[in-house]
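The block underneath contains the structure these notes are about, expressed in structure tokens.
The values are calculated or read from the model by the stated rules, or taken from the named source; none is laboratory data. Note that the structure is predicted; figures quoted are calculated from it, not measured. Cβ coordinates were reconstructed from backbone atoms using ideal geometry, including for glycine residues, and neighbour counts include every protein chain displayed. To get the accessible areas, we keep the full protein, side chains included, count just its heavy atoms, and leave off ligands, DNA and RNA. Shrake-Rupley method; radii C 1.70, N 1.55, O 1.52, S 1.80 Å.
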Amino acid sequence: RGELALLLAVAINSFGVVLMLYSGTGISAISSVPYAFSCVFPKISLGTWTYIFQGLLVLALMILRKKFVVQYLFSFVVGFVFGELLDVHELWINVLPTAIGWRIFYFIASYILICIGIAISNRCKMPIVPTDLFPRELSQITSVAYPKIKISFDVICLIVTAALTGFGLGHIKGLGIGTVVAAFTMGKGVGIAGNWLDKHMDF
């Protein structure tokens, strides 16, 4: 079941990220940095920038661990699939209606989907997407509670995105009220979803 859970988590998270961006409230914090690079350097797609960013996160974890971790390489492979799915979802997402009521619904749905997807990733006991792996592993390395690490990681991503698009484009792009809300609360949301999963599932 862990393999199926991983596939489900990657599918849920990739769709949730694109849906949040489509809602017009801003992109999720975990994808905001590669999104900023795709805006400043548009010749490379969002999906490609995503797995480049994830590769750097994997490298950072190995440096922090001070050793080569084979499992992290499998996480990069999962991240590659995640990045490709982002590009796939961007190809068809424009068929969805764009009225304000629908956009509000898209944000709420994407927020819930991403929280559930990350919670599944953290528990499936399989290699997971590096953007989900990084805060989980950093929490173990530093012995700091996961929600605190997750929120800090998301906020740093937002700061980098704001600086990159601000200097590169002359205006901040990709960040909205939804992005800010998600960054400061999603760590808690993932924790709630995880607690629910722990009561009903075990991998």
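Points to keep in mind about this one:
- Normalised by the number of residues in the chain, the mean separation of alpha-carbon contacts (under 8 Å, six or more apart) gives a relative contact order of 35 percent.
- The residues of the stretch 1-64 expose on average 38 square angstrom of accessible surface per residue, using a 1.4 Å probe on protein heavy atoms.
- Span-like helix ranges in the chain, DSSP H, alpha carbon extent 27 angstrom or more, Kyte mean at least 1.0: 2-22, 46-65, 70-92, 100-123, 146-169
- Restricting the stretch 99-167 to trypsin sites (Lys or Arg not before Pro) in coil, as DSSP defines it, with at most 15 other Cβ within 10 Å: Lys125
- Lys67 contributes about 120 Å² of solvent-accessible surface, heavy atoms of the protein only, 1.4 Å probe.
- Viscosity 1.002 mPa s, temperature 20 °C, Stokes-Einstein D of the stretch 1-70 from Kirkwood C-alpha radius, µm²/s: 156 µm²/s
- The chymotrypsin sites (Phe, Trp or Tyr not before Pro) of the stretch 31-86 that DSSP puts in a loop, and whose beta carbon has at most 16 other beta carbons within 10 Å, are Phe68.
- Kirkwood-Stokes translational diffusion coefficient of the stretch 71-132, alpha-carbon pairs, 37 °C, 0.692 mPa s, µm²/s: 246 µm²/s
- For the chain, the spread of Cα positions along each principal axis, largest first, Å: 41, 36, 28
- The stretch 1-152 - percent of accessible surface contributed by carbon and sulfur, probe 1.4 Å: 73 percent
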